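Take a look at the structure set out below.
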Amino acid sequence: LQLDELLERKPAQLSGGQRQRVAMGRAIVREPKLFLFDEPLSNLDAQLRAQMRVDIRKLQRQLRVTSIFVTHDQIEAMTVGDRLAVLNNGELEQIGTPMEVYSKPASEFVASFIGSPRINIVSGEVKAGTLHVDGFELPGFSQISDQPVKVGIRPEDFVLESTAKMSLQIDLVEELGSDELLYCVSPTGLDYRIRRPGGSGHKVGENITVSVISEKLHLFSSQSGKRLN
């Protein structure tokens with residue numbers, strides 16, 4: 001825990017991250033069969049939070065003790081956990097590995113909670129096996145009965161194509177280094193977030209045409225919010 005240089009200090013002289021390491025040490029020496037971490041990183045700055053995530057993960061693997069990590073931060077959940085249990089108002093929505101929960105969310109709530117940038121959720125309708133959403137049609141949904149649906153599209157699942165049917169206008173560009181995030185609006189006024197490689201050169205006001213692979217779409221019931229595909 002790298003506490004050697006802190007042994008002579010009073011608790012008030014310790015930083016937030018140092019206090020967290022001391023608390024972990026107090027728990028470790030008791031040799032418990034189970035660790036419970038209740039939002040241990042919530043009061044730390046971003047850089048220290050990232051480092052503590054790594055430290056906790058390494059420590060857990062070294063000690064090989066089952067640990068329950070409670071957090072409202074989906075990045076912490078994805079990076080620290082072997083399995084995630086997503087709760088909504090005390091009800092268990094889904095349990096699975098981080099990638100299972102990310103790639104196959106069991107409900108609209110789970111899809112909206114897991115993933116950064118947040119998933120795009122728009123209203124649509126399935127008719128005769130074809131999905132109608134925001135002015136364009138996608139076949140291949142014959143397993144879903146005719147009904148209104150909520151359509152989830154991850155920002156990284158958009159494909160820019162000159163022949164695509166969906167036209168969007170860029171409203172804002174966020175440069176994130178290796179990535180950039182495009183905030184776009186459709187002709188019907190719906191907002192979309194699209195992730196692109198950094199340095200793509202997109203500008204505010206630019207019109208782009210995009211498509212989405214049907215297999216990458218997440219369809220949820222408009223009534224229950226449960227996954228349909």
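Residues in region 1-51 that are more than 24 Å from Leu84 (Cβ to Cβ), of a type in the set (A, V, I, L, M, F, W, C) and not in a helix (DSSP H, G or I) were compared, and the one that is farthest from the chain's Cα centre (by Cα) is Leu7. Among the residues in region 145-164, are any part of a loop (DSSP other than H, G, I, E, B), of a type in the set (Ser, Thr, Tyr) and within 26 Å of the chain's Cα centre (by Cα)? Looking through region 145-164, none of the residues is part of a loop (DSSP other than H, G, I, E, B), of a type in the set (Ser, Thr, Tyr) and within 26 Å of the chain's Cα centre (by Cα). In region 76-99, the residue that is nearest to Val54 (Cα to Cα) out of those that are among the acidic types (Asp, Glu) and either over 12 Å from the mean Cα position of the chain (by Cα) or in a loop (DSSP other than H, G, I, E, B) (or both) is Asp82.
Every condition in (1) closer than 30 Å to Glu100 by Cβ; (2) surrounded by 12 or more Cβ atoms within 10 Å (Cβ to Cβ) is met by Lys165 except one, and the failing one is (1). Right, Val126: farther than 21 Å from Glu108 by Cα and of a type in the set (Val, Ile, Thr) or not? In short, no.
The set of residues from region 102-124 being under 14 Å from Asn229 (Cα atoms) and either part of a helix (DSSP H, G or I) or of a type in the set (D, E, K, R) (or both) comprises Ser103, Lys104, Glu108, Ala111.
From the set of residues in region 204-220 that are assigned to a helix (DSSP H, G or I) and modelled with pLDDT under 90, which is surrounded by the most Cβ atoms within 10 Å (Cβ to Cβ)? Walk me through how you get there before you give the answer.
Here is the first cut: in region 204-220, the residues assigned to a helix (DSSP H, G or I) are 214-216.
In the following step, the residues that additionally are modelled with pLDDT under 90 were identified as 214-215.
Details: Ser214: 12, Glu215: 8.
Restricting to residues being assigned to a helix (DSSP H, G or I) and modelled with pLDDT under 90, the top hit is Ser214.
The set of residues from region 187-203 being modelled with pLDDT under 95 and touching a Ser or Thr at 6+ places or on another chain (Cβ under 8 Å) comprises Pro187, Pro197, Gly198.
The values are calculated or read from the model by the stated rules, or taken from the named source; none is laboratory data. This structure is a prediction, so every number in the text was calculated from the model and none was measured. Positions of Cβ are generated from backbone atoms using ideal geometry, with glycine treated the same way; all protein chains shown enter the neighbour counts.
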